[in-house]
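> Have a look at the structure that comes next, please.
The values are calculated or read from the model by the stated rules, or taken from the named source; none is laboratory data. These numbers come from a predicted model, not from an experiment. We place every Cβ from the backbone using ideal geometry, glycine too, and count neighbours over all the protein chains shown.
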Amino acid sequence: MTTTATISRTGEGAPTPLVIERFLRDPESVWRQIAAEEHLGTLCRRMLVSSSVSMAIYGGVVGIAHSLPQALASALKLPVLFLLTLAICLPTLYLFNLVWGGRLSARQVLALLLATITVTSALSLAFAPITLFFLITAQSYPFFVLLNTAILALTGGVGLSFLVEGTRFLNKQTEGGVRVNGALLYAWLLLYAFVGTQLGWTLRPFFGDPGQPFILFRALEGNFYGGILDLIGALIR
């Protein structure tokens, strides 16, 4: 069993300022900290700040393709998108986990979900130079939107894989067994994806159609998947 001193070295007193480095170098130290519920407040604050800043920068990059107002709006809306998705889906995961016999506390569930967003946001930020490259070299709005949608889908998938990994680790390491139901977890992942994509559609635009003036929100019509099909059709025509 990991001692409190060890957890403290990787948590409260960690010498590494970037929490994302812990996920990439030693993710098990994060899972051990969550399992022991040591300094979870500090860990959650670090993840919240890191993910919000990363998503704000990435949102600004995708929005600048249209205008400065769109860049500022996207820098605000992209972190809100991920945090609202978390807020909407967290109670479902926690309560259904309890119904199926799980023993995770609400703080542990929150930490796991913030870990998912932290990994997603950091990897998305890493793609920002690629986004800027195609912004400059490929003057195609449908292509630009599809490219960044694919980036967010990829990074979101990697982030969710960390949630699965962390849950499995807690199942194995926590004394008495956390017993998070595997089938329930995968069903929740689908719910999280659907909520996130539809909420993103509700909060659009993030990119801003260059043929239209800046607008903070568009009218509620259609859905995310229909919009993607329309963009694919416009790209291949």
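> Would you confirm whether any residue within the stretch 72-91 is over 30 Å from residue 211 (Cα atoms), touching a residue at least 60 places away in the same chain (Cβ under 8 Å) and either touching a strand residue (DSSP E or B) at 6+ places or on another chain (Cβ under 7 Å) or among the hydroxyl-bearing types (Ser, Thr, Tyr) (or both)?
No: the stretch 72-91 contains no residue that is over 30 Å from residue 211 (Cα atoms), touching a residue at least 60 places away in the same chain (Cβ under 8 Å) and either touching a strand residue (DSSP E or B) at 6+ places or on another chain (Cβ under 7 Å) or among the hydroxyl-bearing types (Ser, Thr, Tyr) (or both).
> Test of understanding: among 138, 128, 106, 153, which residue is closer than 24 Å to residue 53 by Cβ and either in contact with a helix residue (DSSP H, G or I) (Cβ under 8 Å, 6 or more places away or on another chain) or among the charged types (D, E, K, R) (or both)?
Exactly one of 138, 128, 106, 153 is closer than 24 Å to residue 53 by Cβ and either in contact with a helix residue (DSSP H, G or I) (Cβ under 8 Å, 6 or more places away or on another chain) or among the charged types (D, E, K, R) (or both), namely 128.
> Follow-up question, since we're still on this one. Just the residues that are at pLDDT 90 or above, over 22 Å from residue 172 (Cβ atoms) and buried (at least 21 other Cβ atoms within 10 Å of the Cβ), please, taken from the stretch 1-49.
Within the stretch 1-49, 47 is the sole residue that qualifies.
> When you look at residue 231, is it out of contact with any Phe, Trp or Tyr (no Cβ under 6 Å at 6 or more places or on another chain) and part of a helix (DSSP H, G or I), yes or no?
The answer is yes for residue 231.
> Counting just the residues of the stretch 168-210 that are modelled with pLDDT of 85 or more and among the small types (Gly, Ala, Ser), which one comes out farthest from residue 114 (Cα to Cα)?
Ranking the candidates gives 208 first.
> Which one of 131, 85, 167 is of a type in the set (Ser, Thr, Tyr), crowded, with 16+ Cβ neighbours inside 10 Å and closer than 21 Å to residue 22 by Cβ?
The conditions single out 167.
> So, one more: Which pairs have Cβ atoms under 8 Å, sit 6 or more apart or on different chains, and link a residue in the stretch 29-54 that is closer than 16 Å to residue 109 by Cα to one that is among the charged types (D, E, K, R)?
30/22; 31/165; 37/107; 38/12; 39/12; 40/107; 42/12; 44/107
> How many residues does the stretch 122-171 hold that are farther than 20 Å from residue 29 by Cβ, outside any loop (DSSP other than H, G, I, E, B) and small (Gly, Ala, Ser)?
7
> Sticking with this one: Among the residues of the stretch 104-121, is there at least one that is closer than 29 Å to residue 183 by Cα and either outside any helix (DSSP H, G or I) or among the acidic types (Asp, Glu) (or both)?
yes
> If residue 216 satisfies all but one of (1) without any contact (Cβ under 8 Å) to a residue 60 or more places away in the chain; (2) surrounded by fewer than 16 Cβ atoms within 10 Å (Cβ to Cβ); (3) touching a helix residue (DSSP H, G or I) at 6+ places or on another chain (Cβ under 9 Å), what's the number of the condition it fails?
Among (1) without any contact (Cβ under 8 Å) to a residue 60 or more places away in the chain; (2) surrounded by fewer than 16 Cβ atoms within 10 Å (Cβ to Cβ); (3) touching a helix residue (DSSP H, G or I) at 6+ places or on another chain (Cβ under 9 Å), the lone unmet condition for residue 216 is (1).
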